[in-house]
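Undergrad: Handing you this structure, nothing more for now.
Please treat every number below as a calculation from the coordinates, not as lab data. Everything numeric here is computed off the predicted structure, so don't read it as measured data. For neighbour counting, all protein chains shown are included, and Cβ atoms are generated from backbone atoms with ideal geometry for every residue, glycine included.
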Amino acid sequence: MKWKNLIKVAFKSIVKNKMRTLLTMLGIIIGVAAVIVMVAIGKGAEQRIQNQIASMGTNLIMVFPGSMQSRGVHMGSDQGVRLTLDDVEWLKKNSTLLEAISPVVRSGVQVIGGSGNWNSSVYGVSESYLAIRDWKLSSGDFFTANDIRAQSKICVIGQTLVKNLFANEDPVGRQLRLRNVPFRVIGVLKERGQSAFGQDQDDVIIAPYSTVYYRLSGQPHIHQILARAASLNQMEQAQAEITSIMRESHKLAEGEDADFTVRNQTDIASTAQETTRVLTILLASIASISLLVGGIGIMNIMLVSVTERTHEIGIRMAVGARSRDILVQFLIEAIVLSLSGGLIGVMIGFGATYIVHLATDWNTVIAMENVLLSFGFAGAVGVFFGYYPARKAAALNPIEALRYE
Amino acid sequence: MNSKEAVIRTEGVTKIYDSGEVQVEALKGIDLAINPGELLAIMGASGSGKSTMLNIFGCLDYPSRGDYFLDGIHVNDLDRDQLADIRNRKIGFVFQGFNLLARTTAFENVELPLLYTRNVPNQDINLLTRQALERVGLTDRAQHYPNQLSGGQQQRVAIARALVNQPAIILADEPTGNLDTRTSIEIMATFQELNRQGITIILVTHEHDIADYCHRVIEFRDGLIIRDQALPHPHDAAKDLETGQWKTFAGQGVPS
């Protein structure tokens, strides 16, 4: 029998049994749609975290105190060796690949001002902090190098504080008391949302590092150094440069373990991505199981259909259908069923992904290769689970099939 | 007629059904020759072996022993696929229960054998299908579904399907068994007309009235032929329908 005719026969039989066709396809439809939605959610989470990490600032390099290497017994990163303002000066003096450098002096404070009080963190940084973090102000100004020299008691605050202390009014010009030291608010940061690690990035007070260091922190060290490499292509060289300058500053001998750690945001990104990739794989495998169950559904219905259509098969054989013709007809039916189910599933998957996005505000990303993959998998399921029933149909004895009512 | 090459020839055809414990000999060495252009009735009670004979004639089954030649082809030597091709090209089946595909138009039912024939161009499929429907007088019913047709019309669709591939023989298994007397005679008129056009027809029937329209009657009993008789003056179905003659033997169609 010609392929064209076989396909015609298979299509006719599918169209003739609309209800059965729909029920058979349902499993595949749900399976494919589930795979697409789940992978879209997983990929969306992945992308969101990537964006958040990118939002930490491009070309960002961080220096932490302490070594992250785990050879032998190591101290926690806040114990023992410290980073100091001397390190910052040393870096400023000697580096060639860094565009901007800022120390970070952190202190948890109780903030009094506006309509009440609030527990937050104050970050003492340099005037180039906003450039390093790719951050903008929504109103007011940032402090300057002069303010740092003068240890001015001024600050810039995040949106969370604006919301909680000033009921969303513009706080520029107002006073805040940080541990009883009065600070004047000179600017407001743009909203940034959660960090990749769940921290509220808007719950911050940014002030000149000199002021925080000498008036609030009360500790003779700084917590972190942030730097911005001049170009993305020179990240590695910049990191190497920082490492060698820092070793010099800390007077480390050749071969001695570093007592600080230099990292960039891609290092952090890869850790976070690993986590979300596991999530995506998990979601996809759960959804794949439903696709498999859909395939078993096809096999089930096809088997019933072979029994139900035994008489028809007998007639076809009597008028000259070869076993192979019957096999191919049933196989094509299974494949057409699963592929159309796959196609409908893809469409529903797109729709459901959009609805999930609207309803939960989650990031969703539909990757074309995943759509093609689940569509192809649906086809493969059709061939795999359609083959056994098709074989069964083809092996029928024409006399018995004709006699079957 | 004997000078012609027989379209069906059996030599010592035996069929044994082996169900493990019991062996049933359904045919006990049948020697038979059927010539082209015959209209032949096979009669016999249930279990007489006539259905088994028809299955072998129809290449649906192999003989256990003996040789079967259809149109000069030694069927014993053929494999399953070759049998399917023989059924497709040489044989047209007509069944008691019509055996049309449900939810499938008359046209699609008739074209079915052609779809399984290799190397038939699509325009030929269309043409042959329309010709076959025309020969049984159902051109205007081509797009009807079986459940929209009367029993007689359904059987004529089945006959058109049997005809469509221009087979060497038509095998009809109790073609009038599900039909009333008048419709039965109409079907016999169709068969007689086709036979006059040169088609060999073998039909199995219980009814003597039906056999009376044939040129030759063979009767089976217990796997053997007990009667092989030529009817020199068969009834003319078309004339019977015209004259109303059939009414006089209504009710006499007692199974033999």
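Undergrad: Can you list residues whose amide H is under 5 Å from B:Val204's amide H, if they're 5+ apart or on another chain and H is modeled 1.01 Å from N?
TA: So B:Val204 has HN proximity to B:Ile42, B:Ala172, B:Asp173, B:Glu174.
Undergrad: With +1 on the Cβ of every Lys and Arg and -1 on the Cβ of every Asp and Glu, and nothing else charged, how large is the dipole of chain B about its Cα centre, in debye rounded to the nearest 20?
TA: For this selection, approximately 400 debye.
Undergrad: If you bin every alpha carbon distance in region A:204-267 into 10 Å steps from zero, what whole percent lands in each bin?
TA: All Cα pairs considered, the percentages come to 16, 38, 35, 11, 0.
Undergrad: Right, here's the next one. Along each of its three principal axes, how wide is the spread of alpha-carbon positions in region B:49-122, in whole angstrom units, largest first?
TA: Between the extreme Cα coordinates on each principal axis of region B:49-122 lie 41, 30, 18 Å.
Undergrad: Hey, could you pull the Cα Rg and Dmax for the protein assembly as shown, both in Å?
TA: For the protein assembly as shown, the Cα radius of gyration and maximum Cα-Cα distance read 44.9, 135 Å.
Undergrad: Excluding A:Asn94 itself, calculate the net charge of residues whose Cβ lies under 15 Å from the Cβ of A:Asn94, where each Lys or Arg counts +1 and each Asp or Glu counts -1. If you can, show how the numbers build up before the last one.
TA: Details: positive: A:Lys92, A:Lys93, A:Arg247, A:Lys251; negative: A:Asp86, A:Asp87, A:Glu89, A:Glu99, A:Glu241, A:Glu248.
Result for the neighbourhood of A:Asn94: -2.
Undergrad: If packing is taken as the average count of other Cβ atoms within 10 Å, what order do B:17-24, B:69-76, B:90-97, A:371-378 fall into, highest mean first?
TA: On the way: B:17-24: 8.2, B:69-76: 16.4, B:90-97: 22.0, A:371-378: 19.1.
The most tightly packed comes first, giving B:90-97, A:371-378, B:69-76, B:17-24.
Undergrad: Mind checking the angle between helix A:85-94 and chain A's longest principal axis? C-alpha axes, 0 to 90 degrees, to the nearest 10.
TA: Once rounded, one gets 80 degrees.
Undergrad: Tally Lys and Arg at +1 and Asp and Glu at -1 over the other residues with C-beta under 13 Å from the C-beta of B:Leu54: what net charge comes out? Don't jump to the answer; show the numbers that get you there.
TA: On the way: positive: A:Arg403, B:Lys15, B:Lys50, B:Arg87; negative: B:Asp61, B:Asp173, B:Glu174.
Net of charged neighbours comes to +1.
Undergrad: Let me know the Kirkwood hydrodynamic radius for region B:114-256, please, with Cα pairs as the basis and the value in Å to one decimal.
TA: Working: mean 1/r = 0.0606 Å⁻¹.
Roughly 16.5 Å, rounded to one decimal.
Undergrad: If a paramagnetic tag sat 7 Å from the Cα of B:Glu193 along the Cα-Cβ line, which residues of region B:113-150 would have the backbone N under 13 Å from that point?
TA: B:132-140
Undergrad: Still on this structure, please answer the following. Roughly what would the spin-label model give for A:Asn51 and A:Asn117, points 7 Å off Cα along C-beta, in nm?
TA: Taking the simple label geometry, A:Asn51 and A:Asn117 are separated by 3.8 nm.
Undergrad: Mind checking the angle between helix A:235-249 and chain A's longest principal axis? C-alpha axes, 0 to 90 degrees, to the nearest 10.
TA: 30
Undergrad: Whose amide H sits under 5 Å from the amide H of A:Leu83, counting only residues 5 or more places off or on another chain, with H placed in the peptide plane?
TA: HN-HN under 5 Å from A:Leu83: A:Ile222.
Undergrad: Right, here's the next one. What is the fewest-to-most order of A:Lys251, B:Lys15 by other Cβ atoms lying within 10 Å of their Cβ?
TA: A:Lys251, B:Lys15
Undergrad: Which value in nm describes the separation of the simple spin-label points at B:Ala230 and A:Asp134, placed 7 Å from the Cα toward the beta carbon?
TA: In this crude spin-label approximation the distance works out to 10.4 nm.
Undergrad: Which distance in Å, rounded to a whole number, links the C-alpha centroids of region A:329-405 and region B:200-226?
TA: Taking the Cα centre of region B:200-226 as reference, the centre of region A:329-405 is 52 Å away.
Undergrad: For peptide B:110-119, how many partner chain Cβ atoms fall within 10 Å of a residue's Cβ, on average? Working shown, then result.
TA: On the way: counts 0, 1, 8, 5, 4, 12, 13, 5, 4, 1.
For this peptide, the per-residue mean of nearby foreign Cβ atoms is 5.
Undergrad: To the nearest whole number, what is the average tally of beta carbon atoms from other chains within 10 Å of the beta carbons of peptide B:82-91?
TA: Numbers: counts 1, 4, 12, 2, 1, 7, 7, 1, 1, 3.
Averaged over the peptide's residues, the number is 4.
Undergrad: Something else about it: Given R₀ = 56 Å, FRET efficiency for A:Gln110-A:Glu254 by Cβ-Cβ distance, to 0.05?
TA: Working: r = 47 Å, r/R0 = 0.84.
Calculated transfer efficiency: 0.75.
Undergrad: Hey, another quick one. With r defined as the distance between the Cβ atoms of B:Glu242 and A:Arg391 and R0 fixed at 41 Å, what FRET efficiency is calculated, to the nearest 0.05?
TA: Working: r = 54 Å, r/R0 = 1.32.
Plugging the Cβ-Cβ distance into 1/(1 + (r/R0)^6) gives 0.15.
Undergrad: By how many nm would the segment from B:Ala45 to B:Gln96 grow when fully extended, if each residue of separation counts as 0.36 nm and the alpha-carbon distance is taken off?
TA: On the way: separation 51, 0.36 × 51 = 18.36 nm, distance 1.57 nm.
Stretched fully, the B:Ala45-B:Gln96 segment lengthens by 16.8 nm.
Undergrad: Note down the relative contact order for region A:310-405 as a percent, whole number, built from C-alpha pairs under 8 angstrom at least six residues apart.
TA: Values: 86 pairs, mean separation 58.9, N = 96.
Dividing the mean separation by the residue count of region A:310-405 yields 61 percent.
Undergrad: Next question. Let's test the formula: R0 of 51 Å, r as the Cβ-Cβ distance of A:Thr360 and A:Gln175. What FRET efficiency results, to the nearest 0.05?
TA: Working: r = 40 Å, r/R0 = 0.79.
The computed FRET efficiency comes out at 0.80.
Undergrad: If you don't mind, another one. Tally the DSSP beta bridges in chain B and give the antiparallel ones as a percent, rounded to 5.
TA: On the way: 23 of 40 bridges.
Antiparallel bridges: around 60 percent, rounded to the nearest 5.
Undergrad: What percent do you get for the relative contact order of region B:57-110 when only Cα pairs under 8 Å and 6+ apart count?
TA: On the way: 24 pairs, mean separation 16.5, N = 54.
Rounded, it is 31 percent for region B:57-110.
Undergrad: Can you give me the long-range amide H partners of A:Phe183? Hydrogens built in the peptide plane at 1.01 Å from N, cutoff under 5 Å, separation of 5 or more residues or another chain.
TA: Under 5 Å from the amide H of A:Phe183: A:Leu176, A:Arg177, A:Leu178.
Undergrad: May I pose another question? Provide the per-residue ³J(HN,Hα) series for region B:175-183, in order, calculated from phi with Karplus coefficients 6.51, -1.76, 1.60 and θ = phi - 60°, each as a whole number of Hz, with x at glycine and proline positions.
TA: Here the 3J(HN,Hα) series is x, 9, x, 9, 10, 6, 4, 4, 5 Hz.
Undergrad: Quick one: helix A:368-394 against the long Cα principal axis of chain A, what's the angle to the nearest 10°, folded into 0 to 90?
TA: On a 0 to 90 degree scale, this one is about 20.
Undergrad: Here's something else I'd like to know. Can you give me the Cα centroid spacing of region B:60-114 and region B:173-193 in angstrom?
TA: 21
Undergrad: Report, to one decimal in Å, the Kirkwood hydrodynamic radius for region B:82-187 based on all distinct Cα pairs. Spell out each step's value before the answer.
TA: Values: mean 1/r = 0.0731 Å⁻¹.
Answer for region B:82-187: a Kirkwood hydrodynamic radius of 13.7 Å.
Undergrad: When N counts the residues of chain B, how does its alpha-carbon radius of gyration compare numerically with 2.2 N^0.38 Å, as a ratio? Write out the running numbers ahead of the final one.
TA: Numbers: Rg = 18.1 Å, N = 256, 2.2 N^0.38 = 18.1 Å.
Relative to the 2.2 N^0.38 Å estimate, chain B comes out at 1.00.
Undergrad: Inside 10 Å of the C-beta atoms of A:320-327, what's the mean count of C-beta atoms belonging to other chains? List each step's numbers first, then the result.
TA: Values: counts 20, 7, 10, 3, 3, 4, 2, 0.
Counting other chains' Cβ atoms within 10 Å and averaging over A:320-327 gives 6.
Undergrad: Grab every C-alpha pair in region A:250-380, bin the distances at 10 angstrom width from 0 up to the longest one, and report whole percents.
TA: 9, 25, 22, 15, 11, 8, 5, 3, 2, 0
Undergrad: A further question follows. For region B:1-120, which semi-axes, largest first and in whole Å, follow from the square roots of 5 times the eigenvalues of its Cα gyration tensor?
TA: Numbers: eigenvalues 134, 75, 49 Å².
Equivalent ellipsoid of region B:1-120: 26, 19, 16 Å, largest first.
Undergrad: Modelling each spin label as a point 7 Å along the Cα-to-Cβ direction, I'd like the A:Asn146/A:Arg184 distance in nm, to one decimal.
TA: In this crude spin-label approximation the distance works out to 1.2 nm.
Undergrad: What does the highest-first list of B:28-35, A:118-125, A:31-38, B:120-127 look like by mean Cβ count within 10 Å? If you can, show how the numbers build up before the last one.
TA: Details: B:28-35: 16.9, A:118-125: 21.2, A:31-38: 27.0, B:120-127: 12.4.
Highest-to-lowest ranking by the protection proxy: A:31-38, A:118-125, B:28-35, B:120-127.
Undergrad: Another question, then. Which order do the peptides B:200-213, A:379-392 take when ranked by the mean count of other beta-carbon atoms within 10 Å per residue, highest first? Intermediate values should be presented prior to the final figure.
TA: Values: B:200-213: 22.6, A:379-392: 19.6.
Peptide ranking by packing, descending: B:200-213, A:379-392.
Undergrad: Oh, and also: Would you compute, for the Cα atoms of region A:85-127, the largest minus smallest coordinate along each principal axis and list the three values in descending order, in whole Å?
TA: Over region A:85-127, Cα extents along the principal axes are 47, 17, 10 Å.
Undergrad: Expressed as a fraction of 2.2 N^0.38 Å, the rule-of-thumb size for a compact globular protein of N residues, what is the C-alpha radius of gyration of region A:113-202? Walk me through the numbers on the way to the answer.
TA: Values: Rg = 12.7 Å, N = 90, 2.2 N^0.38 = 12.2 Å.
Its radius of gyration relative to the 2.2 N^0.38 Å reference: 1.05.
Undergrad: Hey, another quick one. Tell me the Kirkwood hydrodynamic radius of region A:160-231 in angstroms, computed as one over the mean inverse distance between distinct C-alpha pairs.
TA: Details: mean 1/r = 0.0692 Å⁻¹.
About 14.4 Å for region A:160-231.
Undergrad: Would you please state which residues of region B:41-60 a label at B:Arg221 would reach in this model, taking the label point 7 Å out along Cα→Cβ and a backbone N cut-off of under 18 Å?
TA: From region B:41-60, the list is B:42-51.
Undergrad: Further, regarding this structure: Given contacts defined as C-alpha pairs under 8 Å and at least six residues apart, what's the relative contact order of chain B, whole-number percent? All intermediate terms of the calculation are to be shown ahead of the outcome.
TA: Details: 510 pairs, mean separation 64.6, N = 256.
Over chain B, the number comes to 25 percent.
Undergrad: Using Cα positions and a limit of under 15 Å, work out the aspartates and glutamates in reach of A:Lys92, with same-chain residues fewer than 8 apart set aside.
TA: Within reach: A:Glu127, A:Glu241, A:Glu248.
Undergrad: Report the equivalent ellipsoid semi-axes for region A:284-350 in whole Å, largest first, defined as the square roots of five times the eigenvalues of the gyration tensor built from alpha carbon atoms. Spell out each step's value before the answer.
TA: Values: eigenvalues 181, 31, 16 Å².
The equivalent ellipsoid of region A:284-350 has semi-axes of 30, 12, 9 Å.
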